[in-house]
């Protein structure tokens with residue numbers, strides 16, 4: 001039996017754990033996973049180096065690509081190139097900060113038209129839930145979006161306003177009627193103070209306390225209990241919410257949770273005043289909180305780790321004056337998620353297979369794509385050759401994102417992505433990514 005490609009690896013992260021194997025590919029899918037030295041007839045063969053581990057392509061379900069409308073912030077070409085360089089083979093684009101936001105089918109079609117033939121990796125789309133568009137939710141679902149993102153406080157862009165309590169309940173009632181998924185930026189506006197126009201990070205941190213997340217998550221869980229709607233808490237930063245999330249899950253509330261590499265990597269104590277490249281919402285909190293987030297992952301209370309890649313132009317970061325009140329709140333890290341998380345995990349003696357589960361299989365499960373994020377027969381042959389023990393210093397100019405702005409600048413990280421394959425073809429500069437619909441590839 002002839003295969004298109006065989007990749008042999010002395011170490012590979014399989015659904016059963018780490019082991020040596022040979023992965024055989026035919027027609028873009030994994031056709032066999034067998035012994036490392038098995039005799040296999042193939043058109044091409046790759047043998048990974050002794051210091052490399054074969055991983056499934058990662059899945060990042062929280063990416064702001066911003067095209068159309070704010071392509072000067074980021075775009076499909078640059079975002080997907082950064083993803084591929086970081087071992088990410090599938091991303092899902094948020095409905096904001098593009099103009100128009102993906103809140104009706106027309107906007108989705110426009111976004112797909114702009115993405116066509118520009119993507120290096122596979123790209124899916126979230127829809128948006130905003131005031132007045134309940135009638136658009138089912139058509140968007142039928143058009144293939146993976147779910148719906150909402151804000152429970154102002155989003156930072158006027159074209160994507162937040163839902164109040166009544167609007168949230170109406171949207172969730174509608175989404176539950178067709179078995180959809182709601183994602184929520186869960187911060188309570190009434191608990192948040194205006195960001196200070198100053199350089200002190202601690203002042204900014206005090207303006208967005210953990211209580212803001214806790215109150216908004218409580219509102220979300222109550223609405224989920226009342227409607228039966230599946231809900232997902234995006235970019236959890238406050239570990240203080242974990243007990244209520246655990247209690248809700250134990251009582252049968254259909255809730256899942258993500259956090260991000262920056263909340264697992266940085267602490268408030270480390271952030272210099274004026275360093276607005278670290279500004280994000282919700283904010284990076286203290287060291288004790290970071291350790292509790294790690295424990296939440298290990299306990300299974302947090303399901304997955306995704307980037308929340310939220311770039312802007314360097315000017316909007318106000319790096320010149322370090323003004324936390326004026327700076328855009330978002331961190332660009334699409335290319336660095338795996339090494340950032342692995343660096344911290346390795347220091348805590350967490351196995352690579354566990355990290356890959358958080359970054360690949362679990363995000364794929366969230367969006368209902370079981371053929372992504374796994375090295376298993378029948379899955380898409382999305383692969384990554386990763387050298388976990390090689391270290392590098394982050395040089396912003398070498399990142400593939402549109403602008404060289406990152407809080408990881410100068411940081412020493414462990415783990416280098418050396419090669420990435422999409423459906424069995426090694427990724428090059430030629431765009432070969434597909435546009436994905438909910439329910440299949």
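The values are calculated or read from the model by the stated rules, or taken from the named source; none is laboratory data. Because the structure is predicted, anything quoted here is derived from the model rather than measured. When we count neighbours, we look across all protein chains shown, and the Cβ atoms used for this are built from the backbone with ideal geometry, even at glycine.
Per-residue answers, yes or no, for (1) free of Cβ contacts under 8 Å to residues at least 12 places away in the same chain; (2) under 22 Å from residue 406 (Cβ atoms); (3) surrounded by fewer than 20 Cβ atoms within 10 Å (Cβ to Cβ); (4) touching a helix residue (DSSP H, G or I) at 6+ places or on another chain (Cβ under 9 Å):
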| position | (1), (2), (3), (4) |
| --- | --- |
| 197 | no, no, yes, no |
| 225 | no, no, yes, yes |
| 233 | no, no, no, yes |
| 263 | no, yes, no, yes |
| 271 | no, yes, no, yes |
| 279 | no, yes, no, yes |
| 284 | no, yes, no, yes |
| 290 | no, yes, no, yes |
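List, please: which pairs have Cβ atoms under 6 Å, are six or more places apart or on different chains, and start with a residue in region 175-195 that is closer than 19 Å to residue 218 by Cα and end with one that is surrounded by fewer than 18 Cβ atoms within 10 Å (Cβ to Cβ) and modelled with pLDDT of 95 or more?
Pairs found: 176/228; 191/211.
Filter the strands (runs of 3 or more DSSP E) completely within region 30-138 down to those with at least 3 residues that are under 19 Å from residue 372 (Cα atoms) and in contact (Cβ under 8 Å) with a residue 40 or more places away in the chain.
On the way: elements: 45-47, 53-56, 58-63, 88-93, 122-125.
Ranges flagged: 53-56, 58-63, 88-93, 122-125.
With respect to residue 339, is the statement that it is surrounded by 22 or more Cβ atoms within 10 Å (Cβ to Cβ), in contact (Cβ under 8 Å) with a residue 60 or more places away in the chain, over 24 Å from residue 273 (Cβ atoms) and more than 13 Å from the chain's Cα centre (by Cα) true?
Numbers: surrounded by 22 or more Cβ atoms within 10 Å (Cβ to Cβ): yes; in contact (Cβ under 8 Å) with a residue 60 or more places away in the chain: yes; over 24 Å from residue 273 (Cβ atoms): yes; more than 13 Å from the chain's Cα centre (by Cα): yes.
For residue 339, the condition - surrounded by 22 or more Cβ atoms within 10 Å (Cβ to Cβ), in contact (Cβ under 8 Å) with a residue 60 or more places away in the chain, over 24 Å from residue 273 (Cβ atoms) and more than 13 Å from the chain's Cα centre (by Cα) - is met.
Which residues, counting only those in region 1-16, are at pLDDT 95 or above and either in contact with a helix residue (DSSP H, G or I) (Cβ under 7 Å, 6 or more places away or on another chain) or part of a loop (DSSP other than H, G, I, E, B) (or both)? Let's see the steps before the verdict.
If we filter region 1-16 for residues that are at pLDDT 95 or above, which is where we start, we get 3-15.
Matches in region 1-16: 4, 13, 15.
Determine, yes or no, whether residue 19 is farther than 18 Å from residue 435 by Cβ, in a strand (DSSP E or B) and touching a strand residue (DSSP E or B) at 6+ places or on another chain (Cβ under 8 Å).
yes
Wholly within region 286-362, which helices (runs of 4 or more DSSP H) include no fewer than the required count, namely at least 2 residues that are closer than 30 Å to residue 76 by Cα?
Values: elements: 287-298, 337-347, 352-356.
Where helices (runs of 4 or more DSSP H) fall fully within region 286-362 and carry at least 2 residues being closer than 30 Å to residue 76 by Cα, they are 337-347, 352-356.
Let's see how each residue does on (1) out of contact with any strand residue (DSSP E or B) (no Cβ under 8 Å at 6 or more places or on another chain); (2) without any contact (Cβ under 8 Å) to a residue 24 or more places away in the chain; (3) in a loop (DSSP other than H, G, I, E, B); (4) farther than 30 Å from residue 10 by Cβ:
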position	(1), (2), (3), (4)
368	yes, no, yes, yes
372	no, no, yes, no
385	no, no, no, no
405	yes, no, yes, yes
409	yes, no, yes, yes
431	yes, no, yes, yes
